[in-house]
Amino acid sequence: MKEYLKKNGIRLLVILLVVVLVVSVSSAAFSGGAGFLTNAILAVREPISKAATAAGDLLEGVYGYVFEYEQLQADNEALRIQLAEAQEAARAGAEAVEENERYETLLGFARDNPNYVMEQARIVAWSPNNWESSFTISKGSSSGISAGMAVITEYGALAGVVTEVAASSATVSTIIDVDTSVGALVGSEGSSAMLVGDYALMTQGQARITWLTEGAQLFLDDEILTSGSGDMIPSGLVIGTVSSIQTEAAGQTEYGIITPAADLDSLVQVFIIKSFGAQAGQQDAQAPASGETAVTPPPESAAPVTGG
C-alpha cells in the first residue's frame with residue numbers, strides 16, 4: 001500500500017481535489033451558498049476587475065486630457081486670430097488718425113499758398129543703394145506727376161525732387177542725395193546759393209550749401225529756402241538750417257552744412273507740387289483726373305490737394 005501511495009499519491013491527490021471542487025460547486029449550487037471554487041474564482045476576478053476599472057479610468061482621464069488640450073489649442077488659435085485682427089484694426093486706425101493730422105497740417109500750409117496744386121502720395125519703398133538717398137512713391141504720370149517736381153512734407157518742407165517717372169509710380173531723390181542741386185536763398189537777406197549733395201554728408205543725413213553770392217556771409221541757424229530758379233520748384237519752400245560752417249581746403253571759401261527741415265527718417269506720406277502760380281490757376285479750372293479724389297480745403301481759397 002505504501003508503495004502504491006508513493007507511486008500514485010500525487011495522482012490521487014489531484015483526483016481528490018477535483019472531487020472536492022466538484023462537490024463544493026454542486027453543494028453551492030443546490031444550497032445557494034458560495035463554495036470553495038466560487039470563492040476562488042471571486043478571489044481571482046476581484047483584482048482583475050479592479051485593474052480593469054483602474055485602466056478604464058486612466059484611459060478616460062487620458063482621453064479627457066487630450067480632448068481638453070485640443071480644445072485649448074483651438075481656443076488659443078481663435079484668440080490669436082482675434083488679437084491679430086484687433087492689432088491690425090488698431091494699426092489701421094492709428095494710420096488713419098496720423099493721415100488726417102497730416103492733411104490738417106497741410107491745409108494750413110495750403111491756405112498760405114492758394115496757388116499750389118498738390119498730389120498726395122505714399123512712400124512704398126526706399127532705395128537699398130547706399131550710394132543714393134531716394135524713395136519710390138505710389139503716384140506717377142497717370143496722376144500728372146513729372147520729373148523735376150518738388151516733393152514736400154505736410155509742413156511745406158522740401159523733402160526731395162521727382163527724378164524718374166513711371167505710369168503709376170515715381171522715384172524721388174531726397175535733398176541729401178549725392179546728385180542734389182537746388183537753387184537756394186540764405187538768411188534774412190536772401191543771398192543766392194546752391195544746395196548740393198555730398199556723399200559723406202549724406203551718410204549723416206545732411207547736405208551742403210555753397211556757391212554763395214559774392215560778399216554774402218553764412219551764420220549758424222540761418223534758414224535755407226528754395227530760390228524758385230527754374231519752372232518746377234516754387235520759391236520759399238523751407239530746406240533746412242545751417243548747423244555748421246566750414247571752409248574749403250584753401251581756407252578761402254566758406255560753405256555750410258545743412259540739417260534738413262524734413263525728417264526724412266519718418267516719412268510715410270508726401271505731397272507733390274504739380275503746379276503753382278499761373279499754371280496752378282489754369283489747372284484749378286480743370287476737373288480732377290479720373291480716379292482722383294479731391295480733398296477740399298476750408299473755404300479760404302486753400303490750394304487743391306488730390307489724393308487716392
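The values are calculated or read from the model by the stated rules, or taken from the named source; none is laboratory data. These numbers were taken from a predicted model, which means no experiment stands behind them. Cβ atoms come from the backbone with ideal geometry, glycine included; neighbour counts cover every protein chain shown.
Among the residues of segment 153-170, those identified as within 25 Å of the chain's Cα centre (by Cα) and over 21 Å from L201 (Cα atoms) are T153, E154, Y155, S168, S169, A170.
Per-residue answers, yes or no, for (1) over 17 Å from T259 (Cα atoms); (2) touching a residue at least 60 places away in the same chain (Cβ under 8 Å):
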site	(1), (2)
V124	yes, no
S141	yes, no
A150	yes, yes
A159	no, yes
E164	yes, no
S168	yes, no
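When segment 239-256 is filtered for residues that are touching an Asp or Glu at 6+ places or on another chain (Cβ under 9 Å) and either exposed (fewer than 14 other Cβ atoms within 10 Å of the Cβ) or farther than 17 Å from G148 by Cα (or both), the ones remaining, listed by number, are G240, T241, V242, S243, I245, Q246, T247, E248, E254, Y255, G256.
At pLDDT below 95 and closer than 30 Å to L220 by Cα: is that true of S173 in this structure? Here the answer is no, as S173 does not meet what is asked. Looking only at residues of segment 200-230 that are touching a residue at least 40 places away in the same chain (Cβ under 8 Å), closer than 26 Å to N113 by Cβ and not small (G, A, S), we find that the one that is surrounded by the most Cβ atoms within 10 Å (Cβ to Cβ) is I224.
Looking only at segment 114-147, residues that are in contact with a Phe, Trp or Tyr (Cβ under 6 Å, 6 or more places away or on another chain) and not in a strand (DSSP E or B) come to 2 in all.
Checked against the criterion of being at pLDDT 95 or above and under 30 Å from W211 (Cβ atoms), segment 110-119 has no qualifying residue.
Select from segment 141-178 the residues that are among the hydrophobic types (A, V, I, L, M, F, W, C) and in contact with an Asp or Glu (Cβ under 7 Å, 6 or more places away or on another chain) and write down the one among them that is surrounded by the fewest Cβ atoms within 10 Å (Cβ to Cβ).
My answer is A147.
Taking the criterion of being part of a loop (DSSP other than H, G, I, E, B) and either closer than 17 Å to F276 by Cβ or out of contact with any strand residue (DSSP E or B) (no Cβ under 6 Å at 6 or more places or on another chain) (or both), the residues of segment 148-169 that qualify are G148, M149, T153, E154, Y155, G156, A166, A167, S168.
Looking only at segment 179-189, filter to residues that are buried (at least 16 other Cβ atoms within 10 Å of the Cβ) and either of a type in the set (D, E) or assigned to a loop (DSSP other than H, G, I, E, B) (or both); which one of those is nearest to the chain's Cα centre (by Cα)? Even if it seems obvious, please write down each step before you answer.
Residues of segment 179-189 buried (at least 16 other Cβ atoms within 10 Å of the Cβ): 180, 182-187.
Cutting the leftovers down to either of a type in the set (D, E) or assigned to a loop (DSSP other than H, G, I, E, B) (or both) gives us 180, 187.
On the way: T180: 30, G187: 40 Å.
Per the stated criteria, the residue is T180.
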